[in-house]
Amino acid sequence: MRHLINLLNLNEDEFFGILKRGREHAANRRLNPDVLRDKIIALIFEKSSTRTRISFSVAIRELGGSDLEMQAGSLQLGRGETIEDTTMVLGRYVHGVMIRTDSHRKLELMAGLDQVPIINGLSDRHHPCQALADFMTITETGRDLSKTRIAFIGEPNNVFNSLALGTLHSGSSLCVASPEGYEIRPGIQELLRKRNKTIDVYRDPVEAVRQADVIYTDVWISMGQEGEAEIRKKDFAPYSVNEALMKHAPADAIVMHCLPAHRGEEISGDVMDRHAATIFRQAENRLHVQKALLEWIYEAI
Ligand code: CP
Ligand code: NVA
């Protein structure tokens, strides 16, 4: 049984196979319209979502399946039923579960039971579906992933972690610029070290963008961090991807954002507008690449 908890659930061939298949889905919205026939996939949310819930819902329907969306708070989970018991029950009703959760541990427990394929729709640690769409978007610009330098400006959180694991397959180079106190998680550092992957860490965002092909940013205040909003806005203020920073980047560098964006914080409105084609393409590619991912989950590619 296949699960996607983080990008290490894929090998390099599967990673590139999903990106290629995602591009085929992008070229033809009607590709493989029956592959999920008679399959019902639960979409469970412990946190808000626009792109993930809608792109999965549309992807499942366009592949001939049915989606069943629910807020975790409306399940008995919210009243203390364990995630293990919930998974045992779900496995008797549905053919797959995509869950957005505040605890990566829950995903590991769910997948560990091997009752039903589990897909990570964002956790506090990883956002693999987003990274797949991002790498697919970079390939669409004609860039060779193995020669692409990605500069991540902001907190090395879930989105960064998935990009980092993705570079283990893609061979892209990755650096990060973040304020003191917002470092790469030790577990991710350890994992990268074991695979001889070096990530340059900068305090100065100017240094990070100097030779970048891709400049990537994410919100300063992730879901669940709202209580730290004031201190985070202060700490991250020098890390805005704005025109002043872009002056130090190569002229042909592209800017990427997983969205939702906070214009005037992690990205200025003018930079966002100038790079809107790339940024909204990333959002669109969630649909196409998740179709490819669903085909992989059910061993149809
Ligand atoms: N990028 C992303 O996952 O968006 P949502 O939070 O809207 O799903
Ligand atoms: N880091 C952000 C990503 C949103 C898609 C969050 O966790 O809220």
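Dipole size of the stretch 63-118 about its Cα centre, with +1 on Lys/Arg Cβ and -1 on Asp/Glu Cβ: approximately 60 debye, rounded to the nearest 20.
Sorted by packing (mean other beta-carbon atoms within 10 Å per residue), highest first, where do 168-179, 32-43 land?
Ranked by mean Cβ neighbours within 10 Å, highest first: 168-179, 32-43.
GNM on the chain, alpha-carbon springs under 10 angstrom: the most fluctuating residue among R203, R286, R193 is R193.
When the Cα gyration tensor is reduced to axis lengths a ≥ b ≥ c, the ratio a/c is 1.5 or higher for the stretch 31-188, and with a/b not above b/c it is classed as oblate. Which angle from 0 to 90°, rounded to the nearest 10, does the C-alpha axis of helix 12-27 make with the longest principal axis of the chain? The angle comes out near 90 degrees. Cross-link pairs exceeding 25 Å in C-alpha to C-alpha distance, out of K47/K194; K39/K291; K106/K147; K47/K197; K20/K147; K20/K194, comprise K47/K194; K106/K147; K47/K197; K20/K194. Do you know the relative contact order of the chain, to the nearest whole percent, from alpha carbon pairs under 8 angstrom that are 6+ apart? Reported relative contact order: 21 percent.
Among A208, A164, A276, which one shows the biggest mean-square fluctuation in a GNM of the chain, springs joining Cα atoms closer than 10 Å? Answer for the Gaussian network model of the chain: A276.
Highest mean packing first, where packing is the average number of other Cβ atoms within 10 Å per residue, the peptides 236-248, 288-300 line up as 288-300, 236-248.
The distance separating the Cα centre of the stretch 242-263 from that of the stretch 109-132 comes to 29 Å.
Approximating the spin labels as points 7 Å out from Cα along Cα→Cβ, the S66-to-E12 distance works out to 4.3 nm.
Does the stretch 192-284 classify as rounded, prolate or oblate by the C-alpha gyration tensor (a ≥ b ≥ c root eigenvalues; a/c under 1.5 gives rounded; else a/b over b/c gives prolate, otherwise oblate)?
Rounded shape, in that the Cα axes give a/c under 1.5.
Charged side chains reduced to their Cβ positions (Lys and Arg at +1, Asp and Glu at -1) give the stretch 25-157 a dipole of some 360 debye around its Cα centre.
Each peptide in 72-81, 126-135 gets a packing score, the mean of other Cβ atoms within 10 Å over its residues, and the list from highest to lowest is 126-135, 72-81.
A 1.4 Å probe run over the stretch 163-301, with the rest of the protein chains in place, finds 44 Å² accessible per residue.
Extension gain for D85-R193 works out to 35.3 nm (0.36 nm per residue, less the C-alpha to C-alpha distance).
Measure off, as a whole percent, the carbon and sulfur share of the 1.4 Å-probe accessible area of the chain, all protein chains present. With neighbouring chains kept in place, the figure for the chain is 47 percent. Please state the shape class of the stretch 110-152: rounded when a/c is under 1.5, otherwise prolate if a/b exceeds b/c and oblate if not, all from the C-alpha gyration tensor. It is prolate, given that a/c is not under 1.5 and a/b is the larger ratio.
For I119, the residues 5 or more places off, or on other chains, whose built amide H falls under 5 Å of its own are L4, V97, M98, I99. First measure r as the distance between the Cβ atoms of E180 and R37, then evaluate 1/(1 + (r/R0)^6) with R0 = 41 Å and state the FRET efficiency to the nearest 0.05. It comes to 0.20.
The values are calculated or read from the model by the stated rules, or taken from the named source; none is laboratory data. Please read these numbers as outputs of a predicted model, since none were measured by experiment. Neighbour counts run over all protein chains shown; Cβ positions are idealised from the backbone, glycine included. Just the protein is used for accessible areas: all its heavy atoms, side chains included, with ligands, DNA and RNA removed. Shrake-Rupley method; radii C 1.70, N 1.55, O 1.52, S 1.80 Å.
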